[in-house]
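Enquirer: For reference, the structure I am asking about is given below.
The values are calculated or read from the model by the stated rules, or taken from the named source; none is laboratory data. Worth saying up front: this structure is predicted, and the values here are computed from it rather than measured. Please note: Cβ atoms are built from the backbone with ideal geometry, for glycine as well, and neighbour counts cover all protein chains shown.
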Amino acid sequence: MNIEEILSQPESRRLEFKGSIPENSDLAKTIVAFANDAGGDLYIGVNDKTRELVGIPEDELVKTEEQISNIIFDRCYPAILPDISFLSIDDKHLIKVSIFRGSMPPYYLKEKGKLKGTYIRVGSSSRLADESIIAELERKKRNISFDSEEVLDKTVNELQIDEFKAIYKEKTGEDLNDQALKKLELVKTVHGVVYPTNALILFSDDELRNSMFHYAKVECARFKGVGTEEFIDQKSIYSNIATQAEEAYNFLLRHINKGATVEGVYTVSHWEYPIKAIREIVRNAVVHRDYSLTGKDIKIAIYDDMIEITSPGLLPPSIDYAAMESRQSDARNKVIAPVFKRLGIIDQWGNGLKLVAEEMKLYPNISLRWKEVGLSFQVQLVKLDYVEEIEAKQELQQELQQELQQELQQELQQELQGKTLYTEILEKLSDIAMSRQELSISLGQKKVSGQLNKILRKLITDRLVEHTIPDVPSHPSQKFVLTKRGATFLSMIKER
């Protein structure tokens, strides 16, 4: 991006603006936070609230550069080497301070020490890191992951992993014996004794998992409307992590609709949301969540207007959701991820985001949005036509009221009071297009009845149902399918 495009961006995990050089401590906090995370750019000479170019006097640029360098050198530890450059735009002079992701974290303020002076980026702010985050930064320095650390509370032989062994055998055709456990780094030997790693604890059904990782669960909820005031269904998934993704995915499938569209004489099933993308996002939430963050669980929320999936842990610095079509791979959990690949839960490395991007192209009415919320990563699939659906429902309700005296509308109004054959026909056609004969059979009739023909004619007249071949009503391949108006009416019936 050019400088004008950068200045139009909101402040974020990797971007910050200041009108003038911040106070010594504030500048140092920003610098160590960038170094501890994904790196970032600080632009000095831009008002962070109004985004007005206030600039820095040209004769003060060198002096300001030296001041910045001295603050970073004197206050930050370990040493951080910034890249400082001068920029000019609209006769205004700016200073750009680029900080790269550090290789020796945690970085902290010298005068406060590691425990009280380590900062990380959370959204567009720099926040003090707690002990668990500092421990994770230490692991990054040693190039190890939390899930690879051994647990000395029980030996591997004392751990209950029978269910996980059965799942592994079913999915891979191989036994999860001592050699396989060692090869997958699910166990480690300490002083001649074999202990499980955090990863194996999470895959187990042992009481130790419940005590150590009681928060490693998935909370699912289907809410009524677009808020969290009232829920229709909920489920807490406490099982071992090998089965969590599939259970969560099945919960989602129960609460999203599957319809049908007609292409020529063929009927094609179509979910209201891109389910392949949803499956991939749910899998990523389980595989790549930060299990070192205590007290945080995965949350899956289904509203009338969107699906929202929130996973503990910020997006790894090397992954860019904005470039989904490029193959990207960075496993936070270096033991868990390969096991999931063996189980077939992860496909080829780097294909996940590309798969999501490809399926989203088939759903122009669904917007994929993502953001970092605190120390969590959140993905939303938003219905762009939700407002349109609400307006269509209101319009149909008004029409029903205006036409209430007509015979058909009187019968349809009765439909809102209880389930009749009208409802059954609409429900049958909401899943798939059907011929008269197919409808008759599905309704339990021995042959096509006169009542069925009468109702179909009325439903077509009222634009609730339409022919799949409208130009030739008597075509031998003719079928009936629910219209958008019919789907709206059916949803009104179900809400009563």
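Enquirer: Out of the helices (runs of 4 or more DSSP H) lying entirely within region 102-204, which hold 3 or more residues that are out of contact with any Asp or Glu (no Cβ under 6 Å at 6 or more places or on another chain) and under 27 Å from Glu246 (Cα atoms)?
Expert: Details: elements: 113-117, 131-141, 162-172, 178-183, 198-203.
By residue number, 162-172, 178-183, 198-203.
Enquirer: Identify, from the list Leu184, Leu202, Leu253, Leu208, the residue that is touching a Pro at 6+ places or on another chain (Cβ under 7 Å) and among the hydrophobic types (A, V, I, L, M, F, W, C). Show your work before the answer.
Expert: Details: Leu202 fails: touching a Pro at 6+ places or on another chain (Cβ under 7 Å); Leu253 fails: touching a Pro at 6+ places or on another chain (Cβ under 7 Å); Leu208 fails: touching a Pro at 6+ places or on another chain (Cβ under 7 Å).
So the residue among Leu184, Leu202, Leu253, Leu208 that is touching a Pro at 6+ places or on another chain (Cβ under 7 Å) and among the hydrophobic types (A, V, I, L, M, F, W, C) is Leu184.
Enquirer: Taking Ile425 and the conditions (1) at negative phi; (2) surrounded by fewer than 16 Cβ atoms within 10 Å (Cβ to Cβ); (3) at pLDDT below 90; (4) of a type outside the set (Lys, Arg), which numbered condition does it fall short on, given that it satisfies the others?
Expert: In the conditions (1) at negative phi; (2) surrounded by fewer than 16 Cβ atoms within 10 Å (Cβ to Cβ); (3) at pLDDT below 90; (4) of a type outside the set (Lys, Arg), Ile425 misses (2) alone.
Enquirer: On to the next question. Is there a residue being modelled with pLDDT under 95, out of contact with any Asp or Glu (no Cβ under 7 Å at 6 or more places or on another chain), hydrophobic (A, V, I, L, M, F, W, C) and over 26 Å from Lys296 (Cβ atoms) anywhere in region 225-242?
Expert: no
Enquirer: Okay, moving on. Does region 125-147 contain any residue that is touching a Leu at 6+ places or on another chain (Cβ under 6 Å), surrounded by 13 or more Cβ atoms within 10 Å (Cβ to Cβ), not hydrophobic (A, V, I, L, M, F, W, C) and not assigned by TED's automatic domain parsing to the domain that holds Lys334? It would help to see each step written out before you state the result.
Expert: Initial filter on region 125-147 (touching a Leu at 6+ places or on another chain (Cβ under 6 Å)): none.
For region 125-147, residues touching a Leu at 6+ places or on another chain (Cβ under 6 Å), surrounded by 13 or more Cβ atoms within 10 Å (Cβ to Cβ), not hydrophobic (A, V, I, L, M, F, W, C) and not assigned by TED's automatic domain parsing to the domain that holds Lys334: absent.
Enquirer: Determine whether Lys92 is loosely packed, with under 14 Cβ neighbours inside 10 Å and assigned by TED's automatic domain parsing to the domain that holds Glu111. Give the steps one after another, and end with the answer.
Expert: On the way: loosely packed, with under 14 Cβ neighbours inside 10 Å: no; assigned by TED's automatic domain parsing to the domain that holds Glu111: yes.
No; evaluated as a whole, the condition is false for this residue.
Enquirer: If you don't mind, another one. Counting only residues that are of a type outside the set (A, V, I, L, M, F, W, C) and within 16 Å of Ile99 (Cβ to Cβ), how many does region 120-136 have? Steps first, answer last, please.
Expert: Initially, region 120-136 is screened for residues of a type outside the set (A, V, I, L, M, F, W, C), giving 121, 123-127, 130-132, 136.
With within 16 Å of Ile99 (Cβ to Cβ) added as a condition, the list becomes 121, 124-126.
Result for region 120-136: 4.
Enquirer: Out of the residues in region 332-360 that are under 17 Å from the mean Cα position of the chain (by Cα) and among the basic types (Lys, Arg), state the one that is modelled with the lowest pLDDT. Walk me through how you get there before you give the answer.
Expert: Here is the first cut: in region 332-360, the residues under 17 Å from the mean Cα position of the chain (by Cα) are 332, 345-346, 350-360.
Filter again for among the basic types (Lys, Arg), leaving 332, 354.
Details: Arg332: 88, Lys354: 83.
Applying the filter and picking the extreme gives Lys354.
Enquirer: Quick check: anything in region 27-40 of a type in the set (Lys, Arg) and touching a residue at least 24 places away in the same chain (Cβ under 8 Å)?
Expert: We begin by selecting, within region 27-40, every residue of a type in the set (Lys, Arg); these are 29.
Going one step further and asking which of them are touching a residue at least 24 places away in the same chain (Cβ under 8 Å), we end up with 29.
Within region 27-40, one or more residues are of a type in the set (Lys, Arg) and touching a residue at least 24 places away in the same chain (Cβ under 8 Å).
Enquirer: Which of the residues that make up region 3-61 are of a type in the set (Lys, Arg), assigned to a loop (DSSP other than H, G, I, E, B), under 22 Å from Phe86 (Cβ atoms) and touching a Ser or Thr at 6+ places or on another chain (Cβ under 9 Å)? Walk me through how you get there before you give the answer.
Expert: Applying the first criterion (of a type in the set (Lys, Arg)) to region 3-61 yields 13-14, 18, 29, 49, 51.
So of that shortlist, the ones also assigned to a loop (DSSP other than H, G, I, E, B) come out as 13-14, 49, 51.
Narrowing further to those that are under 22 Å from Phe86 (Cβ atoms): 14, 51.
Selection gives Arg51 alone.
Enquirer: Still on this structure, please answer the following. Can you pull out every residue in region 346-390 that is in a helix (DSSP H, G or I) and of a type outside the set (Asp, Glu)? Outline the logic, then answer.
Expert: Quick first cut of region 346-390, residues in a helix (DSSP H, G or I) only: 352-360, 386-390.
The answer is Gly352, Leu353, Lys354, Leu355, Val356, Ala357, Met360, Tyr386, Val387, Ile390.
Enquirer: Moving to a separate point now. Of everything in region 429-446, what is surrounded by fewer than 17 Cβ atoms within 10 Å (Cβ to Cβ) and either of a type outside the set (Lys, Arg) or touching a strand residue (DSSP E or B) at 6+ places or on another chain (Cβ under 8 Å) (or both)? Give them in sequence order.
Expert: So the first thing to find is which residues in region 429-446 are surrounded by fewer than 17 Cβ atoms within 10 Å (Cβ to Cβ), and the list is 431, 435-438, 441-446.
Scanning region 429-446 gives Asp431, Ser435, Arg436, Gln437, Glu438, Ile441, Ser442, Leu443, Gly444, Gln445.
Enquirer: Another question, if that's okay. Every residue in region 433-458 that is in contact with a helix residue (DSSP H, G or I) (Cβ under 9 Å, 6 or more places away or on another chain), part of a loop (DSSP other than H, G, I, E, B) and not hydroxyl-bearing (Ser, Thr, Tyr), please. Before the answer, list the steps.
Expert: Our first condition is that a residue be in contact with a helix residue (DSSP H, G or I) (Cβ under 9 Å, 6 or more places away or on another chain); within region 433-458, this holds for 434, 436, 438-440, 442-443, 445-449, 451-453, 455-456, 458.
Among the residues that remain, those that are also part of a loop (DSSP other than H, G, I, E, B) are: 443, 445-449.
Across region 433-458, the qualifying residues are Leu443, Gln445, Lys446, Lys447, Val448.
Enquirer: Scan region 323-344 and report the pairs whose first residue is in the same structural domain as Asn198 (by TED's automatic domain parsing) and whose second residue is modelled with pLDDT under 95 and not acidic (Asp, Glu), with Cβ atoms within less than 6 Å and a gap of 6+ or a chain change.
Expert: Close Cβ pairs (under 6 Å, with a partner that is modelled with pLDDT under 95 and not acidic (Asp, Glu)) do not exist here.
Enquirer: Restricting to region 447-479, what's the tally of residues that are surrounded by fewer than 15 Cβ atoms within 10 Å (Cβ to Cβ) and either in contact (Cβ under 8 Å) with a residue 60 or more places away in the chain or out of contact with any Ser or Thr (no Cβ under 8 Å at 6 or more places or on another chain) (or both)?
Expert: Restricting attention to region 447-479, the residues satisfying the condition of being surrounded by fewer than 15 Cβ atoms within 10 Å (Cβ to Cβ) are 447, 449-451, 453-454, 457, 461, 463, 470-477.
From what is left, the residues that are either in contact (Cβ under 8 Å) with a residue 60 or more places away in the chain or out of contact with any Ser or Thr (no Cβ under 8 Å at 6 or more places or on another chain) (or both) are 450-451, 453-454, 457, 461, 470-477.
Qualifying residue count for the region: 14.
Enquirer: Still on this structure, I have one more. For region 173-204, which residues satisfy the criterion of being within 16 Å of Leu343 (Cβ to Cβ) and surrounded by 14 or more Cβ atoms within 10 Å (Cβ to Cβ)? Can you show your working first?
Expert: Step one: of region 173-204, the residues within 16 Å of Leu343 (Cβ to Cβ) are 173-176, 180-181, 183-186, 199-200, 202-204.
If the condition is that a residue be within 16 Å of Leu343 (Cβ to Cβ) and surrounded by 14 or more Cβ atoms within 10 Å (Cβ to Cβ), then Leu176, Ala180, Leu181, Leu184, Glu185, Leu186, Ala199, Leu200, Leu202, Phe203, Ser204 are the ones that fit.
Enquirer: Kindly indicate the residue of region 205-215 that is without any contact (Cβ under 8 Å) to a residue 60 or more places away in the chain and not in a helix (DSSP H, G or I) and also surrounded by the most Cβ atoms within 10 Å (Cβ to Cβ) among those meeting that condition. Give the derivation first.
Expert: Taking region 205-215 and keeping what is without any contact (Cβ under 8 Å) to a residue 60 or more places away in the chain, we get 205-211, 214.
Subset that is not in a helix (DSSP H, G or I): 205-206, 214.
Details: Asp205: 16, Asp206: 20, His214: 12.
Applying the filter and picking the extreme gives Asp206.
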